[in-house]
1. Do you know which of the residues in region 85-97 that are among the charged types (D, E, K, R) and surrounded by 15 or more Cβ atoms within 10 Å (Cβ to Cβ) is nearest to P38 (Cα to Cα)?
2. Across region 24-51, what is the total count of residues that are touching a residue at least 40 places away in the same chain (Cβ under 8 Å), within 13 Å of G141 (Cβ to Cβ) and in contact with a strand residue (DSSP E or B) (Cβ under 6 Å, 6 or more places away or on another chain)?
3. Looking only at region 65-84, filter to residues that are touching a residue at least 60 places away in the same chain (Cβ under 8 Å) and out of contact with any Pro (no Cβ under 7 Å at 6 or more places or on another chain); which one of those is surrounded by the fewest Cβ atoms within 10 Å (Cβ to Cβ)?
4. Within region 140-156, can you find the residues that are of a type in the set (V, I, T) and in a loop (DSSP other than H, G, I, E, B)?
5. Quick check: is even one residue across region 128-138 of a type in the set (K, R), part of a strand (DSSP E or B) and modelled with pLDDT under 95?
6. What are the pairs with Cβ atoms under 6 angstrom where one residue, in region 139-157, is in contact (Cβ under 8 Å) with a residue 12 or more places away in the chain and the other, located anywhere, is hydrophobic (A, V, I, L, M, F, W, C) and part of a loop (DSSP other than H, G, I, E, B)? Sequence gap at least six, or different chains.
7. Could you please give the count of residues in region 114-137 that are in contact (Cβ under 8 Å) with a residue 24 or more places away in the chain and surrounded by fewer than 21 Cβ atoms within 10 Å (Cβ to Cβ)?
8. Does P62 meet the test of being modelled with pLDDT under 90 and either part of a loop (DSSP other than H, G, I, E, B) or surrounded by fewer than 20 Cβ atoms within 10 Å (Cβ to Cβ) (or both)?
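The values are calculated or read from the model by the stated rules, or taken from the named source; none is laboratory data. Bear in mind that the values here come from a model prediction, so they are computed numbers and not experimental data. No Cβ is skipped: glycine too gets one built from the backbone with ideal geometry, and neighbour counts run over all protein chains shown.
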Amino acid sequence: MMSQPMHSDVSHKEGATLTFHTRFGDIELREDRLLEFPQGLFGFRECTQFGLAKLPSVENSPLMLLQCVNQPSIAFLVADPAQLGVEIGSTDVSEALTETKMPQADTQFLTILTLYDQGDSYYLTANVKAPVLINSANRTGTQFIFTNKSYSTQHKL
């Protein structure tokens with residue numbers, strides 16, 4: 001989650017593509033690739049439909065945008081924890097998959113990132129304690145809280 005909500009406007013393009021004007025630049029989401037989060041995200045229960053997009057104008061970045069479609073002003077920076085050098089233990093992965101009933105082969109783990117502005121510098125933290133799980137086979141997602149106390153909601157990157 002960003003420290004302040006990102007401003008985003010949405011416009012419909014021809015075909016089945018939505019364009020969002022974010023503070024990172026314009027992103028396009030295909031309507032047939034949207035993700036359903038039946039319970040929303042913690043603190044954002046009303047946010048139930050999302051799209052996942054690469055950051056515009058950024059090459060080879062592990063950072064992506066999880067853009068809420070039904071509340072366009074809400075978007076989250078996310079990344080695969082492994083691409084950030086953050087390891088989630090296999091026991092914890094198994095626990096999350098079992099409790100969410102998501103298949104390992106089709107499930108992607110993402111951590112929500114927070115960008116902190118310290119005036120002349122920035123830093124990121126990752127919420128490793130409560131990752132977002134996305135089932136790519138049926139395009140559903142959920143947020144899961146690990147019982148393992150070694151994970152932090154503000155793991156500094």
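1. E95
2. 7
3. So, considering only residues that are touching a residue at least 60 places away in the same chain (Cβ under 8 Å) and out of contact with any Pro (no Cβ under 7 Å at 6 or more places or on another chain), the one surrounded by the fewest Cβ atoms within 10 Å (Cβ to Cβ) is P72.
4. I145, T147, T153
5. no
6. Between residues of region 139-157 that are in contact (Cβ under 8 Å) with a residue 12 or more places away in the chain and residues that are hydrophobic (A, V, I, L, M, F, W, C) and part of a loop (DSSP other than H, G, I, E, B), the close pairs are G141/F37; Q143/F42.
7. Total meeting the criteria: 13.
8. no
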